[in-house]
Amino acid sequence: MLYRLIKKYLSNAVAILAASFWSFNFYIHATVYQMGLETPIAALCIVYLIYKLSIFEERWRTEKITLKEITWLGFLSALVMFSRLDLVFLAVIIGVWILFRGTFIRYLLPLDILIIFISMTSSVILRTDFTSYNIFYSTSAVEATIIAIILKTLALYFLGAYQHPRTYSIFKNILNIFYATGIGSAITASIYLFLIQIGFVENFPRSAFLLDFGISLLLFVALRLTAYLFSNPSHRLSASSALAQLKSNFQTWWREGIAYYGVLGSLLIAYMLFNHFAFGTSSPVSGQIKRWWGSLPNTAYERPVFNWDAYFGVGVQGYNALQPFSDFFQVISNYLRPILAGAEFENERFYIMLLLFSVLCFILLLLNQQKIRQTNRYFSLIPLAASCGIQMLSYTATGYGGAKEWYWVSQMIFFTLLFSLLVQYVLTPILKKRIYSLWG
């Protein structure tokens, strides 16, 4: 499936490289296949969904999409969810990608949700510490995050932050984001503090709301500036009010939303009801136990995250979602030993090389804007990236003790697709130069 997908939109050579890498990489083999878990089913379902989405992406631009097709995609997303329940975030985000096609909402909303999740939970950790967060504040932080996602995204929408990034000037975009973030943060803080007063939720560090405002504002602006750089100037849309857009698209969004999320939600509810009556709990017991482990101050069991490395999925043991690609950065980081010698600078060398590589990749993608716009759509890179981040935080930001390497199968697929893009963009000028020299 990887070969067919990559060959169709990149090249045969890169498709062979990617498929061979996935098939013969020792880490992927040992983590995904060797232990006989559900992970191979999850990998197959994810790639098959992306493949079907690529076909859908071609069709909706030239043909009218029926509710039957939307319902089928909802069913495929449900298969992904049931292959591993933590892939429910991918299934939900894919719905956003499908429903809001033809608008810039589909590109920004998934990443906005990830930003709000990072911002709110990180603010609480910065205000307290990892130990206090895991024991006392993880539940309240997630509750505040859910409220913030609803209110901030609504504020961003109605203040024009989901318009095409070139509709307004950069200054106007930043101003809209500032107002939307301020209003969303203020209402979120007010609602949550009221819920604390009536005893509906647990205590919460008040100053975390100010930190959340600053962090989310910075990340929202960075995302819009990046979207501005990568967007197509010739496809600039005329400015229309959010209400006008909602009025013209509401019926379509409502019907397709019922078709997609009706299938996904009904199957999930049926599963939870069966669990409730059969086992006395609607969610898997293993996950509940591991979150209970994480709430113990001096546990003899596996611990939750206790540093920022693990929180962002680049830690050790179960919290390294960059594998097997992090091995590459470990190897090239050795070139920095003449500058930063000694074992005590191992992490510094790794993160410096990761940062340099990220900057080079950003430049490479920026030089191939037209190609990345097309390939991003067909590989569903934005919803896949957003869901990978949210799934990671669903463990690291909730005091989960005992995450395992095989949880991160969607991350392996995402980075395989991303590195395939980068290899394609590096190989293309080299092959062109070689052909030119041969003919010269």
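The values are calculated or read from the model by the stated rules, or taken from the named source; none is laboratory data. A quick note: this is a predicted structure, and the numbers were derived from the prediction, not measured. Cβ placement follows ideal geometry from the backbone for every residue including glycine, while neighbour counts extend to all protein chains displayed.
Structure notes:
- Comparison of 154, 195 shows that the only residue that is surrounded by fewer than 17 Cβ atoms within 10 Å (Cβ to Cβ) and aliphatic (A, V, I, L, M) is 154.
- Condition check for residue 178: in a helix (DSSP H, G or I), under 27 Å from residue 266 (Cβ atoms) and in contact (Cβ under 8 Å) with a residue 24 or more places away in the chain: no
- The listed residues are 113, 135, and the only one of them that is surrounded by fewer than 24 Cβ atoms within 10 Å (Cβ to Cβ), at pLDDT 95 or above and β-branched (Val, Ile, Thr) turns out to be 113.
- Filtering 366, 354, 418 for residues that are surrounded by fewer than 20 Cβ atoms within 10 Å (Cβ to Cβ), touching a strand residue (DSSP E or B) at 6+ places or on another chain (Cβ under 9 Å) and either modelled with pLDDT of 80 or more or not in a helix (DSSP H, G or I) (or both) leaves a single hit, 354.
- Tabulated pairs, region 263-285, first over 23 Å from residue 67 (Cβ atoms), second in a helix (DSSP H, G or I) and among the aromatic types (Phe, Trp, Tyr), C-beta under 8 angstrom, 6+ apart or interchain: 271/82; 285/279
- Of residues in region 335-346 being of a type outside the set (A, V, I, L, M, F, W, C) and loosely packed, with under 12 Cβ neighbours inside 10 Å, the one nearest to residue 8 (Cα to Cα): 335
- Test: residue in region 321-328 that is in contact (Cβ under 8 Å) with a residue 12 or more places away in the chain and either acidic (Asp, Glu) or assigned to a helix (DSSP H, G or I) (or both): yes
- Where a residue in region 399-419 is closer than 17 Å to residue 311 by Cα and of a type in the set (Val, Ile, Thr) and its partner, wherever it lies, is in a helix (DSSP H, G or I) and modelled with pLDDT under 90, with Cβ under 8 Å and at least six apart: none
- Among (1) farther than 22 Å from residue 25 by Cα; (2) buried (at least 16 other Cβ atoms within 10 Å of the Cβ); (3) in contact with a strand residue (DSSP E or B) (Cβ under 9 Å, 6 or more places away or on another chain), the one test that residue 321 misses: (1)
- Taken together, the criteria exclude residue 38 from residues that are in contact with a Phe, Trp or Tyr (Cβ under 9 Å, 6 or more places away or on another chain), buried (at least 17 other Cβ atoms within 10 Å of the Cβ) and at pLDDT below 95.
- Of the helices (runs of 4 or more DSSP H) lying entirely inside region 192-296, those carrying at least 2 residues that are among the β-branched types (Val, Ile, Thr) and either more than 26 Å from residue 151 (Cβ to Cβ) or in contact with a Cys (Cβ under 8 Å, 6 or more places away or on another chain) (or both) are 285-294.
- Considering region 70-82, the residues that are surrounded by 20 or more Cβ atoms within 10 Å (Cβ to Cβ) and not hydrophobic (A, V, I, L, M, F, W, C) include one that is nearest to residue 250 (Cα to Cα), namely 74.
- Meets criteria (out of contact with any strand residue (DSSP E or B) (no Cβ under 6 Å at 6 or more places or on another chain) and either farther than 15 Å from residue 115 by Cβ or surrounded by fewer than 13 Cβ atoms within 10 Å (Cβ to Cβ) (or both)) for residue 189: yes
- Residue selection: residue 330 fails the criterion of being surrounded by 18 or more Cβ atoms within 10 Å (Cβ to Cβ) and in contact with a Phe, Trp or Tyr (Cβ under 9 Å, 6 or more places away or on another chain).
- Single match in 47, 14 (criterion: part of a helix (DSSP H, G or I) and at pLDDT 95 or above): 47
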